[in-house]
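What follows is one structure encoded as structure tokens, with my remarks underneath.
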Amino acid sequence: MVSVYRVICHDIQVCVIVGSALWLSELGGGRVEALWGFLGTIVGAGVSIATSCISNRHEIMRQQQADSLERIERARAFQRENLLEVQQTIQDMMRFYTRMQHEDCVAFRQSGEWGKVRLSEEVNEGSRATNAKLAVLTVRIADDEVRDAIKTLVSRIAKHHVAKTEEEAEFIIMDATDAVIPLMERIGKTLRSLY
């Protein structure tokens, strides 16, 4: 039988097929059917496993995409809430600096000396608290332009503490007030982009 294989087979693949056919023909009819049933089961199991793997891979990819979208939406919601809080805090800060200016002006009219009288506890603590809150909120802002504009505003308005005259302090307040309008517009533009 080995010599028949060599004569018939010119190619290794043909040899395997012919050899398998000769081997199967030597088996009885019941054995051939059992062998084909066993091979069909193996092929079916392999296809089933491959299908499950492909299905699982697609499900994992869909879940990762859903998780990514959820993470992005949470970040956008966080930025929206943070920017809304920043807008309110900037308004509070400007209100406290305006009250500082008013208290300094009243004290100046009474004493004749600028910046020598202690501010009221409410204004002093309110200013400190809003500045601290704004600093915390600012570092959370993703938009570099907005973050830089807030830092610029804070550095401008902080000069009020070292103003030597009423006119200088008034100029600092007006300069900061003028900077607030474009800053609020920029924050609004960023907020609109997050919806």
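The values are calculated or read from the model by the stated rules, or taken from the named source; none is laboratory data. A quick note: this is a predicted structure, and the numbers were derived from the prediction, not measured. Don't worry about glycine lacking a Cβ; one is built from the backbone with ideal geometry, like all the others, and counts go over all protein chains shown.
Here are the numbers for this structure:
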| quantity | calculated |
| --- | --- |
| Filter pass, Val117 being aliphatic (A, V, I, L, M) and crowded, with 17+ Cβ neighbours inside 10 Å | no |
| Set Leu137, Leu83: member being within 30 Å of Leu69 (Cα to Cα), crowded, with 16+ Cβ neighbours inside 10 Å and touching an Asp or Glu at 6+ places or on another chain (Cβ under 8 Å) | Leu137 |
| Arg109 modelled with pLDDT under 95 and loosely packed, with under 10 Cβ neighbours inside 10 Å | yes |
| Subset of the range 134-144 that is under 20 Å from the mean Cα position of the chain (by Cα) and among the aliphatic types (A, V, I, L, M) - its residue that is farthest from Ser193 (Cα to Cα) | Val136 |
| Some residue of the range 119-133 being assigned to a helix (DSSP H, G or I), modelled with pLDDT of 95 or more, polar (S, T, N, Q) and under 21 Å from the mean Cα position of the chain (by Cα) | no |
| Close pairs (6 angstrom Cβ cut-off, 6 or more residues apart or separate chains): assigned by TED's automatic domain parsing to the domain that holds Glu166 in the range 105-117, surrounded by 10 or more Cβ atoms within 10 Å (Cβ to Cβ) and part of a helix (DSSP H, G or I) anywhere | Phe108/Glu166; Trp114/Phe108; Trp114/Glu166; Val117/Ala107 |
